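Encoded as structure tokens, the structure appears first; notes follow it.
The values are calculated or read from the model by the stated rules, or taken from the named source; none is laboratory data. Keep in mind that what you see is a predicted model, and the values were worked out from it rather than measured. Note that we place each Cβ from the backbone using ideal geometry, even for glycine, and neighbour counts take in every protein chain shown.
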Amino acid sequence: MLRALFETVEAFPSSVAIRESLNGYPILLTSHVIGMCVFAGLVMMMDFRLAGFGNRSTSITDVQSRLFPWQMVGLVISAISGLLLVYGQPMRFFPNFYFWTKNLLILLAGINIWYFHTKTYQTVEEWNTDPTPPFAARLAGIVSIVLWASIVMVGRMIAYPGLVPQWWLDLGLEG
Amino acid sequence: MEETGFSLLPFFVWMQESSFSQFMLDTTWSQPIVQLMHLVALSVFAGSVLIVDLRLLGVGVVKTPLAKVADEATPWMVWALVALLITGTPSLMSLAMKQYFSPFFWWKMQLLVLGLIFTFTIRRRLTQTDESKLGPVWPKVAGMFSISLWCGVAIGARLIGLFS
């Protein structure tokens, strides 16, 4: 079913247009890297603060609220360029182990953000200016650093579709 | 470069033919691993540069004094830079001929040198100066210049791999 969706998208004229455009791929890939720098970079600056690794003179609510708009700028750039990259070559990504691993890790990062904001962050006023925040906040920061660094790395690995576990290749998704 | 009679080509040929480059090319995982670490270091570098640049532009963590923001970001920036150089060197060596003949490689390296000089002289100085003496214009100019320079480095870098 998922395969059918990817195959259908691949046949769209707009998908063909991106695929066959001379500059489409370089422009999208370069935008994706710039978006990554802004998003992953600033998310990690916030995570460093949460983990107690850096930016310790700035209050947590300040780091969070002042960097948030710029994190969103980075996210929008990387999300749009990323979606268009997949949209232009769906069947290149469909059988790719790292593509699906990356999506899974992004989902996990989303869950971490959701949990942190609905639970841990509720008491932020009590530890807002502590150079080293409480354990739950530090953990959320460290988990986020590990996840986003992994997402960056797994994303780069999409270019190596052959360097994957044998069981994945045995699924025969290449078709 | 050829016009002045000085050429880096022999140096690039030497890098390409070194046994280290051969090792990089012969081991399946060595190139991807180096690239992955390069990208993670890039993310940290970008974040630590941007948090100061946004502050210079007056849109970042404005309640914290500029010098404090810069002091706390600098170690991360320097260590990320060290990691970028350490991971960038094997990539450069194993693909030396490709790099030498890529205009984007020279674009990247020239902007990189400019970026480093700017960051460790003018920008460093600016972030250490009493903010009330800086006025509203120069910090913004420096912030924009820094962001543009590093974007230029990243764009050049990405394009090396796509056109050869």
Next on the checklist: Against the condition within 13 Å of chain B (Cβ to nearest Cβ) and free of Cβ contacts under 8 Å to residues at least 24 places away in the same chain, how does A:Ser65 come out, does it pass?
Outcome noted: yes
Checklist entry - So which pairs qualify, if the first residue must be in the range A:76-88 and under 10 Å from A:Phe39 (Cα atoms), the second must be surrounded by 19 or more Cβ atoms within 10 Å (Cβ to Cβ) and of a type in the set (Val, Ile, Thr), the Cβ gap must be under 7 Å, and the two must be at least 6 apart or on different chains? => result A:Ile77/A:Ile34; A:Ile77/A:Val38
Item to check | Condition check for A:Ala159: modelled with pLDDT of 95 or more, more than 22 Å from B:Ile33 (Cα to Cα) and of a type outside the set (S, T, N, Q) | outcome: no
Next on the checklist: It is to be established whether one or more residues within the range A:153-161 are aliphatic (A, V, I, L, M), in contact with a helix residue (DSSP H, G or I) (Cβ under 7 Å, 6 or more places away or on another chain), under 22 Å from A:Phe53 (Cβ atoms) and surrounded by 14 or more Cβ atoms within 10 Å (Cβ to Cβ).
Outcome noted: yes
Next on the checklist: What's the total number of residues in the range B:139-164 that are at pLDDT 95 or above, among the aromatic types (Phe, Trp, Tyr) and surrounded by fewer than 17 Cβ atoms within 10 Å (Cβ to Cβ)?
Outcome noted: 0
Next on the checklist: Please go through (1) assigned to a loop (DSSP other than H, G, I, E, B); (2) in contact with a Cys (Cβ under 9 Å, 6 or more places away or on another chain); (3) not basic (Lys, Arg) for B:Gly47 and return the number of the only condition it doesn't satisfy.
Outcome noted: (1)
Item to check | One residue from A:Gly24, A:Gly88 being small (Gly, Ala, Ser) and buried (at least 20 other Cβ atoms within 10 Å of the Cβ) | outcome: A:Gly88
Item to check | Residue list for the range A:150-168, filter: free of Cβ contacts under 8 Å to residues at least 24 places away in the same chain and assigned to a helix (DSSP H, G or I) | outcome: A:Met153, A:Arg156, A:Gln166, A:Trp167
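Of A:Gly74, A:Gly35, A:Gly82, A:Gly110, which residue is more than 10 Å from chain B (Cβ to nearest Cβ), in a helix (DSSP H, G or I), over 30 Å from A:Met1 (Cα atoms) and among the small types (Gly, Ala, Ser)?
Values: A:Gly74 fails: more than 10 Å from chain B (Cβ to nearest Cβ); A:Gly82 fails: over 30 Å from A:Met1 (Cα atoms); A:Gly110 fails: over 30 Å from A:Met1 (Cα atoms).
After ruling out the rest, the residue left standing is A:Gly35.
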